[in-house]
Amino acid sequence: MPKALTILQKVLVNYFYKVNAGLFAFAFFVLFGLPYSPLAFHYSLITGIVQSPAFLAIVMLIWLLYNLKCGDYIIKQLQHPEQSFLFCVNALPGRKLYWYNVYVQVFVYLPVLFYSVAVVVIALKKYEYVCAALVILFNAIIVFATPALYMLALQQKKFSTGRSVFPSFRLAIRKPYFLFPLYFLLGERKQMVLVTKVFSLLFLYAFIKLYVPERADVRPIQLCLLITAASHCAIIYEMRRFEEKYVEFSKNLPLTLIGRFLRMTALYVCLLLPEFILLLKGINTQFSLVEYPQLLLMVIALLCMFYVLLLLEETNMEQLIKIVFGIIAVCFFIILYDPGIIFPCAVLVLAFALYHAYYYHYEKR
């Protein structure tokens, strides 16, 4: 293998999978650990994809969002000052440099390509030639178009001189200080919020529409909400970083710890409002109206717990994902025994106890 390609492999591809190891492990657990029969589950899932244009469009949107995550990571790495030595690869012929970037794109996009091959094979088996052609064309465009952005990043060129394509969420209204992290996300982390919310809402919507039990049972939707809560861990991490950097003054405000904790839960209620509204579609089919508050409380309690974990010690994103994965795995087995509202209440009480013990301890340490 050429030395330049080896360097790109080690610096970009290998480190991408190392940084996202927790995320891939979590995704593997959800896709292959939760279903009773993984092969039958994925076969029926892919059959639904190839036979439903709407479902196929949703899946392609998820693939596109994953590619945005890959592209955003690679471009940031290429433009990072520590990776400035990669600028020397611009001395290579343009065609060779392009194919090197295609190599990088193929390997970071490999999980989607593997699944796409399965979709194409089953589509051809079921004589869904249009679906197979669309999947091949879609992935070919992504694989061969995205490397052009990597080349621009290597050449240190700007991608756009115009305004951002994302809408502005800067509202000229009085903002309560406990909502500052949410306004920060909507202003400075729009892409992260968009990707998280699209994944969370699509996953929840697909579960409610596709899974129709014989009788209402709250446990399956609770397992689904575990994934919804876990998908917000990156947002919780960014909120905590924002608080450390910009709103440390809030610790000097004359507020009780229980008042601070209640404000934090109010923040997460605002953050999860789209999921709570969508969850109403599952009443009487997935769960009863009486169990609705229990579901809301469980998601809020989990997010509070994720936040409190960041107070215990200095934790980076990779470590947080591993811890969240462990918590979700434990919650999965507890929910199977149907503990009712006692479980989310216990999680919330534990989160407050740790919050009370470590809120000021973190600052002292």
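The values are calculated or read from the model by the stated rules, or taken from the named source; none is laboratory data. Bear in mind the structure is a predicted one, so any value in this text is a computation, not a measurement. No Cβ is skipped: glycine too gets one built from the backbone with ideal geometry, and neighbour counts run over all protein chains shown.
Yes/no matrix, rows are residues, columns are (1) at pLDDT 85 or above; (2) under 17 Å from the mean Cα position of the chain (by Cα):
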{"site": "LYS209", "(1), (2)": "no, no"}
{"site": "ASP217", "(1), (2)": "no, no"}
{"site": "LEU226", "(1), (2)": "yes, yes"}
{"site": "GLU243", "(1), (2)": "no, no"}
{"site": "TYR246", "(1), (2)": "no, no"}
{"site": "ILE258", "(1), (2)": "yes, no"}
{"site": "LEU267", "(1), (2)": "yes, no"}
{"site": "LEU280", "(1), (2)": "yes, no"}
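For the stretch 328-343: of the residues being surrounded by 13 or more Cβ atoms within 10 Å (Cβ to Cβ) and touching a residue at least 40 places away in the same chain (Cβ under 8 Å), which is farthest from PHE16 (Cα to Cα)?
Per the stated criteria, the residue is ILE341.
Which one of ALA133, ALA140 is modelled with pLDDT of 90 or more and either surrounded by 12 or more Cβ atoms within 10 Å (Cβ to Cβ) or hydroxyl-bearing (Ser, Thr, Tyr) (or both)? Spell out how you get there, then give the answer.
Details: ALA140 fails: either surrounded by 12 or more Cβ atoms within 10 Å (Cβ to Cβ) or hydroxyl-bearing (Ser, Thr, Tyr) (or both).
Within the list ALA133, ALA140, the selection yields ALA133.
Name every residue in the stretch 344-365 that is more than 20 Å from GLU248 (Cβ to Cβ), surrounded by 12 or more Cβ atoms within 10 Å (Cβ to Cβ) and out of contact with any helix residue (DSSP H, G or I) (no Cβ under 6 Å at 6 or more places or on another chain), in order of residue number.
CYS345, ALA346, LEU350
Quick one: would you say GLN191 is at pLDDT below 80, surrounded by fewer than 16 Cβ atoms within 10 Å (Cβ to Cβ) and part of a helix (DSSP H, G or I)?
Against the criterion (at pLDDT below 80, surrounded by fewer than 16 Cβ atoms within 10 Å (Cβ to Cβ) and part of a helix (DSSP H, G or I)), GLN191 qualifies.
Between a first residue in the stretch 127-138 that is farther than 14 Å from ILE46 by Cβ and a second residue that is modelled with pLDDT under 90 and part of a helix (DSSP H, G or I), which pairs have beta carbons less than 6 Å apart while being 6 or more apart in sequence or on different chains?
Every condition considered, the pairs that remain are PHE138/MET60.
In this structure, does LEU110 turn out to be touching a residue at least 12 places away in the same chain (Cβ under 8 Å) and either of a type in the set (S, T, N, Q) or out of contact with any Asp or Glu (no Cβ under 8 Å at 6 or more places or on another chain) (or both)?
No.
Scan the stretch 198-208 for residues that are under 16 Å from SER288 (Cα atoms) and either free of Cβ contacts under 8 Å to residues at least 24 places away in the same chain or surrounded by fewer than 17 Cβ atoms within 10 Å (Cβ to Cβ) (or both) and jot them down.
Our first condition is that a residue be under 16 Å from SER288 (Cα atoms); within the stretch 198-208, this holds for 208.
Hits for the stretch 198-208: nothing passes.
For VAL89, state whether it is part of a helix (DSSP H, G or I), over 23 Å from the mean Cα position of the chain (by Cα) and without any contact (Cβ under 8 Å) to a residue 24 or more places away in the chain.
Working: part of a helix (DSSP H, G or I): yes; over 23 Å from the mean Cα position of the chain (by Cα): yes; without any contact (Cβ under 8 Å) to a residue 24 or more places away in the chain: no.
Considered against the rule, which asks whether it is part of a helix (DSSP H, G or I), over 23 Å from the mean Cα position of the chain (by Cα) and without any contact (Cβ under 8 Å) to a residue 24 or more places away in the chain, VAL89 comes out as no.
Only residues that are among the β-branched types (Val, Ile, Thr) and out of contact with any Phe, Trp or Tyr (no Cβ under 9 Å at 6 or more places or on another chain): list them for the stretch 311-365, please.
Scanning the stretch 311-365 gives VAL330, ILE341, ILE342, VAL347, VAL349.
In the stretch 260-311, what count of residues is obtained for those that are outside any helix (DSSP H, G or I) and either touching a residue at least 40 places away in the same chain (Cβ under 8 Å) or over 16 Å from LEU225 (Cα atoms) (or both)?
Of the residues in that region, 6 qualify.
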